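These notes are about the structure you will find just below.
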Amino acid sequence: MKIRPFTLVLSSLILAACSKAPPVPSSECDKVVAHAKKILGAQAPSNSEMTQQCKAATDEARGCVMQADKPMKILKCDL
């Protein structure tokens, strides 16, 4: 059975898209907020609001934010 290069690349992309971000503890909220502000730019809420949301979020949600590289990806995180 031959595996076509396209199939291999597509499978890799699907697996990467489904992988979970590493969890981030609440002690790292300063880094999470700084990263989110960088991604969101002018649309970012205030630091105090973002810090409050970060501390209330799960480790997985904070990891999701840290892995995001576009605003729409942050919106998909369960904050």
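Tabulated values for the structure
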quantity	calculated
Approximate spin-label separation Lys31-Leu79, in nm, with each point projected 7 Å along Cα-to-Cβ	1.8
Accessible area per residue in Å² at 1.4 Å probe, computed on the stretch 26-75	64
Equivalent ellipsoid, the stretch 26-75 (semi-axes from 5 times Cα gyration tensor eigenvalues, Å)	15, 13, 8
Accessible area of the stretch 26-75 belonging to carbon and sulfur atoms, whole % at 1.4 Å probe	53
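The values are calculated or read from the model by the stated rules, or taken from the named source; none is laboratory data. Here the structure is a predicted model, which is why all the values come from computation and not from measurement. Heads up, the Cβs are rebuilt from the backbone with ideal geometry, glycines too, and the neighbour counts pull from every protein chain shown. What goes into the accessible areas is simple: the full protein's heavy atoms, side chains included, and nothing from ligands, DNA or RNA. Shrake-Rupley method; radii C 1.70, N 1.55, O 1.52, S 1.80 Å.
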